[in-house]
Each structure stands twice: as C-alpha cells, then as structure tokens.
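Remarks on the structure that follows.
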Amino acid sequence: MSSERLLKIGDVAPLLGVTTQNLRNWTNSGYMDAIIGKGGHRRFRRSEVERLMELKERENNIKKCLLYCRVSTSIQKENLERQIERLRSFAISNGFTIEGIYKDIASGMNFKRRGLLKLLNYCQKHRINTVIVEYKDRLARFGVDLLKEFLSSFGTELLIINAVDSDYKQEIIDDVISIIIHFSSRLYGKRKGRSKANKIKKELLKES
C-alpha cells in the first residue's frame, strides 16, 4: 500500500489556482486523478498535484483557445468561412494557440448543435484558456450567460470580440418564425400553424 501523502480538495485548489468545483469537474472528466472515499470526499496524491502544477506552469506561457462560428442556413456558408478567417486572425495576432475550430449551420435557438456540444465536451476534458466568438449571438440567441458560467466552471473564459449583436436580420426573422411555427402548430395543428406563421413572416420581411 502506498504511503504517499494525500491532500484534501480545499488544500489542492489554492495550489493550482482553481476552485474546488474546478477540481471536481477535472476528476469527473478524467483530467485529474483522485481517490474518492465512501462519503464522496476527494483526496489527491501529492505526486498528482505536483504533476498538474508543472503542467500548469508550462501552460501558463501558452494561451490555448477554441474558436466557435455559426450561421443559420447553408446559403451563408461563405459568411461562415469569413467568420473563421476573422477569428483565426484575431487569435493569432493576440498570441493565442488555436486548439480547435468548431462551427455549426443551425439556428442560435437550438442548443443541440453538434459543433457547440463538441466544443463544450472538449472544454470539460482539456485545459482551455479561452473560447472565442465574434458576436454573442453567434454562440446563442439566448442563454449566453449560462454557457459562460458553464465554461467558467472548467476554468475557461468566454471572449466575445464585438460587444454588439451581429446584423443578421434574416437570421433573427428565421429564429422568430421557428418559435411562431412551434407554438402555432400546438395551437392550430401543424398545417394551419405553418400557414399562419408564413403570413407573419411575409409581414416581417416587408418591414425589414
């Protein structure tokens, strides 16, 4: 049986400069080894803590980032590629090392986007300093603060380059229409609900 000293979670957190919740997330994702007792209390081998301290010291000199881009429809594919190039240029010019680029062609109302889910999963399993997006609504129409807190729980910062929302009027209209279709279909039935939604869409397009 090893006689190596075990450290409590409250002692390890300040050594690594993270919160106790960060440590729980790291052990749950397999990024860091821990010994879990019967009561669920985590203890950490000194050697494992020192390994992470050395790794952190090396990584402190490297700013790792992930880039996330999104458009709503396949018609906007060219815009998606331009987004990627702008983010790549920003990251490199600001001294970031790009670990990965994630993209989606989907509504910002949809949280089951493949690229977004892969990005969040990657942040759970790896130490990523920053997730960079061009505009807040590229990440999501709603719930950005929730995603920001989720990333923060793994020690990852969300960096939004432009403070104002992007000027994609058609995307906003499409997102609003998807909500109208959903609720109209529940109220009037699928066919009638879509018909009503299309009428509203025509009016919105006239005003835009």
> What do you reckon, is Ile98 outside any loop (DSSP other than H, G, I, E, B), hydrophobic (A, V, I, L, M, F, W, C) and under 19 Å from the mean Cα position of the chain (by Cα)?
Replying inline: yes
Any hit, segment 57-65, residues being closer than 29 Å to Gly17 by Cα, assigned to a strand (DSSP E or B) and at pLDDT 95 or above: yes
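Each row is one residue, and each column tells you yes or no for (1) within 24 Å of Phe90 (Cα to Cα); (2) touching a Gly at 6+ places or on another chain (Cβ under 8 Å); (3) modelled with pLDDT under 90; (4) exposed (fewer than 15 other Cβ atoms within 10 Å of the Cβ).
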site: Arg127; (1), (2), (3), (4): yes, yes, yes, no
site: Val133; (1), (2), (3), (4): yes, no, no, no
site: Glu157; (1), (2), (3), (4): yes, no, no, yes
site: Ser166; (1), (2), (3), (4): yes, no, yes, no
site: Gln170; (1), (2), (3), (4): no, no, yes, yes
site: Val176; (1), (2), (3), (4): no, no, yes, no
site: Ser184; (1), (2), (3), (4): no, yes, yes, no
site: Ala197; (1), (2), (3), (4): no, no, yes, no
For Trp26, the lone unmet condition from (1) farther than 21 Å from Asn129 by Cα; (2) buried (at least 18 other Cβ atoms within 10 Å of the Cβ); (3) not hydroxyl-bearing (Ser, Thr, Tyr) is (1)
Selection over segment 44-66 where residues are farther than 18 Å from Gly155 by Cβ and surrounded by 15 or more Cβ atoms within 10 Å (Cβ to Cβ) yields a count of 1
For Ser93, the lone unmet condition from (1) in contact with a helix residue (DSSP H, G or I) (Cβ under 9 Å, 6 or more places away or on another chain); (2) closer than 30 Å to Lys56 by Cβ is (1)
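The values are calculated or read from the model by the stated rules, or taken from the named source; none is laboratory data. Quantities reported herein were computed from a predicted structural model and do not represent experimental measurements. Virtual Cβ from ideal backbone geometry, glycine too; neighbours counted across all protein chains shown.
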